[in-house]
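Presented below is the structure to which this report refers.
Just so it is clear, none of the values below were taken in a lab; they were calculated from the coordinates. Please read these numbers as outputs of a predicted model, since none were measured by experiment. Cβ atoms come from the backbone with ideal geometry, glycine included; neighbour counts cover every protein chain shown.
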Amino acid sequence: MKTIDDLGDLRGKRVLVRSDLNVPLDGTTITDDGRIRASVPTIKKLSDAGAKVVVVAHLGRPKGAPEEKYSLRPVVARMSELLGTDVAFATDTVGDSAKAVVAGLADGDVAILENIRFNPGETSKDEAERGAFADELAALADVFVSDGFGVVHRKQASVYDVAKRLPHAMGGLVLAEVEVLKRLTVDPARPYAVVLGGSKVSDKLGVIDNLIGKADRLLIGGAMVFTFLAAQGNPIGTSRVEADQIDVVKGYLATAAERGVEVVLPVDIVVAAEFSQDAAPEVVAADAIPDGKMGLDIGPESGKLFAAKLADAKTVFWNGPMGVFEWEAYSAGTRAVAQALTEVDGLTVVGGGDSAAAVRTLGFDERAFGHISTGGGASLEYLEGKTLPGIDVLED
Ligand code: ADP
Ligand code: MG
């Protein structure tokens, strides 16, 4: 696999970089700039090497047409601050503005093109349509660098097809992410604990399936825990549940028991009468959630239990918040797990967009974690053992 150092002299070359700049916005205010900061080293390295750097990225989920609320303009401003230089902005993806901006770059300059998903070719399932868009993208550059780890599990024009059209290399961020994920799959230091939470079990079934064969302990929180509690025959009130997954979860519990994998479920739950920031929180036993109440966080005893189950771990992978951490009243479980990770003497990896944002918005120092992944879906698919098209394509 080629890296940037294998690309030779880049001075004066136009380098197209796929970055992941998909940050959460409140209006035009960036609420967590983690992904922008993570993208800086590769862009800076290319710029320092004298390349003309053309960055492509997406933001949010536009439907193949421009939408002002998904414009990358606020990201360009933040990137300029972080790089300490003016970053040029093209107001289209491969049109007149992009062509003019790229043509105007001097050696070492950086430009960002408008949200790549404003063009329907980017995510098209039609190979020809995607390929035609990739042709136009490739025409803007001499070399391609893949650095958007959050999208490498997508077979999209700026991730996959463009790599087939230009000399290419893996960027430093993708390289670092893959190296850490390898350590979670190839001979992890034990005990190896995996903490899973977040909103949907169905998103994470593949990874549970795969990790049951590899991890020593599986700690479950978040909304997905109610499908587990229901599978054990407990009442779950009005908590979120995926009824169609209960049988699958029963199967996992049985497999885990057979293989000696310890499944740790919360012993208490913070519930409320409704899904609202203002609903009065109440702590109840996990096997006795009252009718009409919904679980919004794991309880204080569970926070202690989870911390105890992580204390001697040598490898920890965590994906998915333990509760609705966005609301202070339901953030304690997520905080307890984050705190426990900072105390682990071993490799700790946080994956998932919301989990990474939770760590930062709850005030933890990122340096207290071994690695905070920029890619949720991508890291899960890697751990599921799937081939990631955006990485596979860089092999040849
Ligand atoms: P990640 O992005 O880290 O993979 P997910 O997207 O799967 O995580 O889930 C994050 C979301 O899950 C958060 O917005 C959080 O509010 C929500 N969540 C966690 N626990 C609950 C719960 N008990 N009920 C409803 N939503 C929950
Ligand atoms: Mg998420």
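Figures for the structure shown
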quantity	calculated
Normalised contact order of region 1-121, rounded percent, pairs of Cα under 8 Å and 6 or more residues apart	31
Spatial separation of Cα centroids for region 100-145 and region 231-257, in angstrom	45
Ratio of the Cα radius of gyration of region 99-224 to 2.2 N^0.38 Å, where N counts its residues	1.39
Separation between Cα centres of region 320-367 and region 76-92, rounded to whole Å	30
Kirkwood Rh in Å, taken over region 1-97 so that all alpha-carbon pairs contribute	14.5
Cα shape, region 232-327, gyration tensor, a/c 1.5 rule	oblate
Potential extension, residue 234-residue 287 segment - 0.36 nm per residue separation minus Cα distance	18.5 nm
Label-point separation in nm, residue 37 to residue 250, each point 7 Å along Cα→Cβ	4.7
The chain - mean residue ellipticity at 222 nm from DSSP helices (-39,500 (n - 2.57) per run, n ≥ 4, rounded to 500)	-10500 deg cm²/dmol
Loop trypsin sites (Lys or Arg not before Pro), region 45-137 (other Cβ atoms within 10 Å of the site Cβ: 12 or fewer; DSSP)	63, 125
Stokes-Einstein D in µm²/s, Kirkwood radius over Cα pairs - region 337-396 at 20 °C with 1.002 mPa s viscosity	168
